[in-house]
Amino acid sequence: MKHLVIANWKMNPMSLKEAISLAKEEDKKDVVIIPPTPYIPALQTVVKKGSLGVQDVDPINAVNGPYTSALSPAFLKKFGVRYTIIGHSEARANLGESDAIIAHKIKSALDAGIIPILCVGETKEVRDMGYTKAREFVLDQLERGLDLIKGGVGKIIIAYEPVWAISTNNEGVADDSEGAGEMIQNIKAHLSSSMKLWAQYKIIGVYGGSVGVNNVGVFLKERSIDGFLVGSASLRSKEFLRIVEIVNG
Ligand code: 13P
């Protein structure tokens, strides 16, 4: 199976012109490009081989209507959006996003036919208490995030992004590959241990946190890892394309 490489541009770049040229360069098969939402309409015609995603959705089930400030998954789908990040640690920390809201977002995304990328990951404080505590923390986030969709059907991506490994600019603080592989294995095992609830879902596990050309090959050796969620390196197209090449040849 080919691995999925997801480019999370976060709140970058600063101009539509740069966004279009970055998207043109990074548009490859098995790549998901996730720009800031205002760039979505323009990139709809640029991203052809890969897919488009957004960094968040609102937990609204309607396609349109009197929902001031909201962007529902069904509405965004009309702009060619196929994936959405939900529960990124930066949104949890900066926007006060709760597990209850995240669970609603997951449900409304799946109901609209948008593939959710649920981000889970422990903070440094939790990790310092040991791997067992980190696993408990991550599985708890997972349970809460998926709370409203038990027994349903669809495709879900779980992104394991240890908070302490994010935005280190690939300077050696990324999670150790075995730890990441083991955590994603734990996530999958946890979901399949309650098979009745999850048998109808296709679960894809990706790793994120300072992924770059220097470490992606090591993570790739972990069999439980089905892809990568790339932040800062996805803003440098040459580096990003090298990652895609290492991952999918
Ligand atoms: P970095 O690759 O910049 O660490 O970001 C990871 C991330 O948060 C992707 O969602």
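Taken together, the values in this text are just the output of simple stated rules run on the coordinates, not laboratory data. From a predicted model like this one, the values you see are computed outputs, not experimental measurements. Note: ideal-geometry Cβ built from the backbone for every residue, glycine included; neighbour counts use all protein chains shown.
Along the stretch 10-21 the Karplus relation, 6.51 cos²θ - 1.76 cosθ + 1.60 evaluated at θ = phi - 60°, assigns HN-Hα couplings of 6, 9, 8, x, 8, 9, 4, 4, 5, 5, 5, 5 Hz to successive residues, with x for each Gly and Pro. For the chain, modelled as a GNM whose springs connect Cα atoms under 10 angstrom apart, the maximal fluctuation among GLY231, GLY130, GLY205 occurs at GLY130.
Here the scattering of the chain is modelled by Debye summation over its C-alpha atoms, one equal scatterer each and no solvent; at q = 0.14 Å⁻¹ the log10 of I(q)/I(0) is -0.90. In the chain, the calculated helix contribution to ellipticity at 222 nm averages -11000 deg cm²/dmol per residue, counting -39,500 (n - 2.57) for every DSSP H run with n ≥ 4.
Taking a ≥ b ≥ c as the square roots of the eigenvalues of the alpha-carbon gyration tensor, the stretch 1-107 is classed prolate because a/c is 1.5 or more and a/b outweighs b/c. The stretch 221-249 and the stretch 70-111 have Cα centres lying 23 Å from one another. Qualifying chymotrypsin sites (Phe, Trp or Tyr not before Pro) in the stretch 202-249, where qualification requires a DSSP coil assignment and no more than 11 other C-beta atoms within 10 Å, are lacking entirely.
Mean-square fluctuation check for the chain, GNM, Cα pairs under 10 Å: which of ASN186, ASN94, ASN214 is largest? Comparing ASN186, ASN94, ASN214 in the GNM, the peak value goes to ASN94. Modelled spin-label separation between THR132 and ARG236, with each label point placed 7 Å from Cα along the Cα-to-Cβ direction: 4.0 nm. Can you list the aspartates and glutamates whose alpha carbon is less than 17 Å from that of LYS150, not counting same-chain residues fewer than 8 positions off? Within reach: ASP99, ASP111, ASP140.
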